[in-house]
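Quick note: the coordinates plus some simple rules give every number you see, no bench work behind them. The structure presented is a predicted model; accordingly, all values stated were derived computationally and were not measured. Heads up, the Cβs are rebuilt from the backbone with ideal geometry, glycines too, and the neighbour counts pull from every protein chain shown.
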Amino acid sequence: MVEKETKKGRGKKKSPAKKKENLDVKEVEFSFYAPEASEVFLAGEFNQWDTRSLLMTKDEEGIWRLTVELNPGSYEFKFFVDGAWFEDLAEARVVCNPFGTQNYVVGV
């Protein structure tokens with residue numbers, strides 16, 4: 001995953017209470033190699049685990065990609081591949097979830 005910083009909320013100074021709402025968001029690129037897949041969706045805490053709202057795009061090499069703007073923090077996520085959760089990413093940071101499986105984690 002690749003992060004790119006995007007400044008939001010430029011202009012007038014905000015009160016300290018308002019600053020939290022205007023954090024610097026970053027563009028985070030999620031990628032997933034699955035040349036045989038018909039469709040891949042990204043689901044996580046950032047979209048309430050909706051398995052249909054963030055459709056990824058496959059390139060000619062079979063890599064699915066999607067860039068999402070996220071505020072700084074840590075987010076759990078998974079890939080939903082052809083109607084099923086994918087749960088075996090080598091080298092990914094993981095945490096256990098309440099369903100007895102694992103979620104991937106990205107830090108922004």
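Observations on the model:
- Formal net charge of residues neighbouring residue 92 (Cβ-Cβ distance under 12 Å; K, R +1; D, E -1): -2
- Sum of side-chain charges, residue 33 neighbourhood, beta-carbon under 11 Å (Lys, Arg +1; Asp, Glu -1): -1
- Distance in nm between pseudo-label sites at residue 86 and residue 38 (7 Å out along the Cβ direction from Cα): 1.6 nm
- Applying 0.36 nm per residue to the separation of residue 45 and residue 74 and subtracting their alpha-carbon distance, the gain on full extension is 9.5 nm.
- The value of relative contact order for segment 45-102, using C-alpha pairs under 8 Å at least six residues apart, is 22 percent.
- In nm, spacing of pseudo-spin labels at residue 99 and residue 31 (7 Å Cα→C-beta vector): 2.7 nm
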